[in-house]
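Laboratory data are not the source of any read-out in this text; all were calculated from the coordinates shown. Since this is a predicted model, take the numbers as computed values, not measurements. All Cβ positions, glycine included, derive from the backbone under ideal geometry; neighbour counts span all protein chains shown.
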Ligand code: NDP
């Protein structure tokens, strides 16, 4: 794709000038690509163009879908940046009669990957062509460089890759825009990214709770701790912003901002999609499940209040010296490794189930910059996954060593939190997963015996011998 086209038309179109679409359009224009835009509410389109400053020269605002289509050079490529779900289907249906079979619709919203599979299958039959790309990094990422995870027909990706790479974040000059596989592969990876984001955020919030309620630290002191951690193994965007929000002061009351924010968390569903699919694929992601659970329970403020009235306030200040800040940092390092190990294992399982050649090392690479979960550790994950993409990340020598150094701290924090009534569901479930994953002789022999007892389901013997039922007699 060249930077200018012979027809003087735009090289790409974009529908939906909301938070993400408007920033993405400015990013595309800034990288030198001519772009035509359309928004359902026309006043928004014109306000956007009027506010685009010198980039306006690269932007063609249009007042109808037909005008948008006419403003783009053939074969056309049009990005949808609208709410996921029915709106995307409606826009595709509205565009279809206006487009040629070889034109390309790119859904860049947070679609459910199975919806993208369906739309890709429809597109293959009746056109136009279709790509589903996950875009991460929020408003700031969309404006200055998001992380982009693509899915669809490879040739369609290749067609728009120069634009997507140009606008993406760069890690040491390498674009964070990667093709993940057919159909919904890109949106699947984005969904798991968001699931990991939930768990990463939840674990940071859990250690915040230990510091606030268990150690009696104020927000400013907690900010300082995150700041320090951000210079070590935990260096990441999420730790960095946690330090910033903990330091912020409410201009209205002069209190720490964190102390005036209601503890009721929102969600848009990508975390839930991740854990539902993880269950379908029998590739559990307990840290992500715990994070979704925590957001759900956070919303039930009235029930929590009623619980506290009956049982008393759970969090009590821990005895001085129970947990120190180094132990807390190490616990978070262990929790983070376990959460990512679960997430990558889920992506691997999806690749095998859906026949996608999921490039696990490239996924770690594409998350190193631009997206919300970007962190120093992802570069080491890319290296470990390049070494052996089929090995669970927790077994890669680098991470196995880190886990050997830190899982004791995770155990201490989870134990102290449990004894003091501090909820740490993501850290605790990460630890339980770790302990199961490193136990050769588990307790599932009891489950098999129970199943055989009541349902004659049978079992395998450890000695490989004959006889797949127990001597339960008339009790069975
Ligand atoms: P916004 O709510 O800011 O913008 C939504 C846009 O879609 C607006 O331009 C709106 O137009 C348009 N729109 C809404 N309903 C319709 C409709 N029925 N028909 C046509 N156009 C419609 O959303 P975001 O920009 O935040 O999100 C867009 C997509 O990007 C979503 O899928 C979201 O999940 C995803 N995403 C969001 C991120 C974020 O940080 N916000 C990060 C990554 C992905 P109008 O002006 O007329 O209302």
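Sort the following peptides by mean Cβ neighbour count (other Cβ atoms within 10 Å, averaged over residues), highest first: 450-462, 177-189.
Values: 450-462: 12.1, 177-189: 27.3.
Ranking, from highest mean packing down: 177-189, 450-462.
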How compact and how long is segment 324-389, expressed as Rg and Dmax of its alpha-carbon atoms in Å?
13.3, 47
Determine the equivalent ellipsoid of segment 176-242 by diagonalising the alpha-carbon gyration tensor, then write out the semi-axes as square roots of 5 times the eigenvalues, largest first, rounded to whole Å.
32, 13, 7
Neighbouring Cβ atoms within 10 Å as the yardstick, rank 358, 436 fewest first.
436, 358
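Based on the Cβ-Cβ distance of residue 313 and residue 265, what FRET efficiency does E = 1/(1 + (r/R0)^6) give at R0 = 22 Å, to the nearest 0.05?
With R0 = 22 Å, the Cβ-Cβ based efficiency is 0.65.
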The exposure ranking of 308, 289, 30, fewest beta-carbon neighbours within 10 Å first, is 308, 30, 289
Mind listing P(r) for segment 357-471? All alpha-carbon pairs, 10 Å bins, whole percents.
11, 25, 26, 23, 13, 2, 0
Starting from one equal scatterer on each C-alpha and no solvent at all, send me the Debye-based log10 I(q)/I(0) for the chain at q = 0.09, 0.12 Å⁻¹, two decimals.
-0.69, -1.09
Hey, can you rank 40-52, 229-241 by average C-beta count inside 10 Å, highest first?
229-241, 40-52
Convex hull over the alpha-carbon atoms of segment 12-183: what's its volume per residue in Å³?
100 Å³
If the chain between residue 297 and residue 218 were fully stretched, how many nm would it gain, using 0.36 nm times the residue separation less the Cα-Cα distance?
26.0 nm
Can you give the % of DSSP beta bridges in the chain that are antiparallel, to the nearest 5?
30 percent
Go through 97-103, 361-367, 440-446, 412-418 and give me the packing order, highest mean Cβ count within 10 Å leading.
361-367, 412-418, 97-103, 440-446
Obtain the nm distance between the two label points defined at residue 100 and residue 444 by a simple spin-label model: each point lies 7 Å from its Cα along the Cα-to-C-beta direction.
5.5 nm
Rounded FRET efficiency, nearest 0.05, which uses the C-beta distance separating residue 144 from residue 165 and R0 of 25 Å:
0.95
Suppose R0 equals 25 Å; then what is the FRET efficiency for residue 154 and residue 392 from their Cβ-Cβ distance, rounded to the nearest 0.05?
0.30
Percent of Cα-Cα pairs more than 15 Å apart in segment 59-107, please.
43 percent
Which translational diffusion coefficient, to the nearest whole µm²/s, is obtained for segment 416-476 from the Stokes-Einstein equation, given a Kirkwood hydrodynamic radius over C-alpha pairs, 4 °C and 1.567 mPa s?
90 µm²/s
Limiting things to C-alpha atoms, what are the Rg and the maximum Cα-Cα separation (Dmax) for segment 191-437, in angstroms?
17.9, 55
If the convex hull is drawn through the Cα atoms of segment 210-335, its volume per residue in Å³
160 Å³
Run the numbers for residue 43 and residue 306: contour at 0.36 nm per residue of separation, minus the present Cα-Cα distance, in nm.
89.9 nm
